[in-house]
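Below: one structure, written as structure tokens.
The values are calculated or read from the model by the stated rules, or taken from the named source; none is laboratory data. These figures come from a predicted structure and were not determined experimentally. With ideal geometry, Cβ positions are generated from the backbone for all residues, glycine too; neighbour counts draw on all protein chains shown.
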Amino acid sequence: MKAAIIGYGKMGREIERILRERGDEVALIIDADNRQDLDAAHLAGIDVALEFTTPATAYDNIRTCLECGVAVVSGTTGWTDRLGELQALCRERHGAFFYASNYCLGVNLMFRLNRQLAALMNRVGGYDVRIEEVHHTEKKDAPSGTAITLAEGIIAELDAKSGWVNYAPGIAHAANRVERSGDTPADRVEIRSVREGAVPGIHTVTYESADDMLELRHTIKNRRTLAAGAVVAAAFLCGRQGVFGMDDLLEESK
Ligand SMILES: NC(=O)c1ccc[n+]([C@@H]2O[C@H](COP(=O)([O-])OP(=O)(O)OC[C@H]3O[C@@H](n4cnc5c(N)ncnc54)[C@H](O)[C@@H]3O)[C@@H](O)[C@H]2O)c1
């Protein structure tokens, strides 16, 4: 496939390595310093764009790709309150758009286990639930998109929870933040965000009763698994029309 990379940071560079190893063509690389080149002329002939940039720039980048008729895979987090708008645009234009808050296969298996566990917990009762996510200090958004997806899975299954809050000590830009863990209302899932070192990503869902604790944890060992998942999604998207996510990819690989 003939690919464009939008965002030449940690993910963009890893994606480039994998595309070249597979023999795919990397025909266009866009980063902040040449962002004006993201236009119809430069996108002509591109099969798919892989977009990993920043919460402030993802929406416009994806929109430009869809308006230019180029399929786009995005994993940028921290902007998805507007995801629905772009999915609608994609359908209207008969384009192709793949979004996942996490491209790691193991995390997507965790998403499924998380929902199953929440459904069981809804029946048995007696446990409260919380989420912790740990990431490197350069991460721009809090909580992580992955933690939000986990919280949404819990909220969909647990009658006692109707939203989430973020306890993010020392992180200025956190969404839905509470200042102290003790401020979390009983009907919210608390997501605790921790930023330290170069951690690629650890997510833990903890259920605690008066007598015991049950944890579901995923640890990413390196960024390559994320980039490889995005490249698999790009290959899946080529030649298709519609709006897709990791569930579609997992169903296909059964
Ligand atoms: N979905 C997933 O599986 C997954 C995995 C890892 C990271 N992420 C997310 O992907 C995003 C990027 O992560 P990263 O670790 O590569 O970050 P990074 O900071 O290393 O790279 C971001 C790059 O985007 C560039 N950029 C900024 N504005 C731009 C613009 N207008 N056009 C093009 N490029 C622009 C920056 O210069 C930088 O090189 C973040 O939102 C992160 O949370 C998602």
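Here are the numbers for this structure:
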{"quantity": "Selection count where residues are assigned to a helix (DSSP H, G or I), surrounded by 15 or more Cβ atoms within 10 Å (Cβ to Cβ) and out of contact with any strand residue (DSSP E or B) (no Cβ under 8 Å at 6 or more places or on another chain), scope the stretch 101-120", "calculated": "4"}
{"quantity": "Tabulated pairs, the stretch 18-37, first over 15 Å from THR64 (Cβ atoms), second of a type in the set (D, E, K, R) and more than 15 Å from the ligand (Cβ to nearest atom), C-beta under 6 angstrom, 6+ apart or interchain", "calculated": "GLU25/LYS2; ALA27/LYS2"}
{"quantity": "Residue ID - farthest from the ligand (Cβ to nearest atom), chosen from residues in the stretch 211-231 that are free of Cβ contacts under 8 Å to residues at least 40 places away in the same chain and not in a strand (DSSP E or B)", "calculated": "ASP211"}
{"quantity": "Flag for ALA71 being away from the ligand (no atom under 12 Å from the Cβ), touching a Leu at 6+ places or on another chain (Cβ under 6 Å) and within 22 Å of GLU157 (Cβ to Cβ)", "calculated": "no"}
{"quantity": "Pairs with Cβ under 6 Å, 6+ apart, first in the stretch 131-155 and more than 15 Å from VAL199 (Cα to Cα), second within 10 Å of the ligand (Cβ to nearest atom)", "calculated": "GLY145/THR77; GLY145/SER101; THR149/SER101"}
{"quantity": "Conditions (1) away from the ligand (no atom under 16 Å from the Cβ); (2) buried (at least 22 other Cβ atoms within 10 Å of the Cβ): number failed by GLU92", "calculated": "(2)"}
{"quantity": "Top-ranked residue of the stretch 232-254 - restricted to ones that are aliphatic (A, V, I, L, M) and within 12 Å of the ligand (Cβ to nearest atom), ranked as surrounded by the fewest Cβ atoms within 10 Å (Cβ to Cβ)", "calculated": "VAL232"}
{"quantity": "Cross-chain or 6+ apart pairs with Cβ under 7 Å, the stretch 157-179 first and closer than 14 Å to ALA118 by Cβ, then in a loop (DSSP other than H, G, I, E, B)", "calculated": "ALA160/ASP187; LYS161/ASP187; SER162/ASP187; TRP164/ASN176"}
{"quantity": "Index of the failed condition, ASP31 passing every other in (1) in contact with a strand residue (DSSP E or B) (Cβ under 9 Å, 6 or more places away or on another chain); (2) more than 10 Å from the ligand (Cβ to nearest atom); (3) not aliphatic (A, V, I, L, M)", "calculated": "(2)"}
{"quantity": "Failed criterion for ALA32 (all others in (1) more than 24 Å from the chain's Cα centre (by Cα); (2) loosely packed, with under 13 Cβ neighbours inside 10 Å; (3) among the aliphatic types (A, V, I, L, M) hold)", "calculated": "(1)"}
{"quantity": "In the stretch 121-178, residue surrounded by the fewest Cβ atoms within 10 Å (Cβ to Cβ) [restricted to those that are within 14 Å of the ligand (Cβ to nearest atom) and assigned to a helix (DSSP H, G or I)]", "calculated": "GLY145"}
{"quantity": "Residue in the stretch 191-204 that is in contact with a helix residue (DSSP H, G or I) (Cβ under 6 Å, 6 or more places away or on another chain), in a loop (DSSP other than H, G, I, E, B) and at negative phi present", "calculated": "no"}
{"quantity": "Filter result for GLU208 (exposed (fewer than 14 other Cβ atoms within 10 Å of the Cβ) and assigned by TED's automatic domain parsing to the domain that holds ILE154)", "calculated": "no"}
{"quantity": "Sole residue being loosely packed, with under 12 Cβ neighbours inside 10 Å, outside the structural domain of ASP81 (by TED's automatic domain parsing) and within 16 Å of the ligand (Cβ to nearest atom), chosen from GLY182, GLY201, GLY197", "calculated": "GLY197"}
{"quantity": "Number of the exception - ILE148 against (1) more than 16 Å from the chain's Cα centre (by Cα); (2) under 28 Å from PHE98 (Cα atoms)", "calculated": "(1)"}
{"quantity": "Options THR77, THR53: the member that is under 24 Å from LYS139 (Cβ atoms), among the polar types (S, T, N, Q) and without any contact (Cβ under 8 Å) to a residue 60 or more places away in the chain", "calculated": "THR53"}
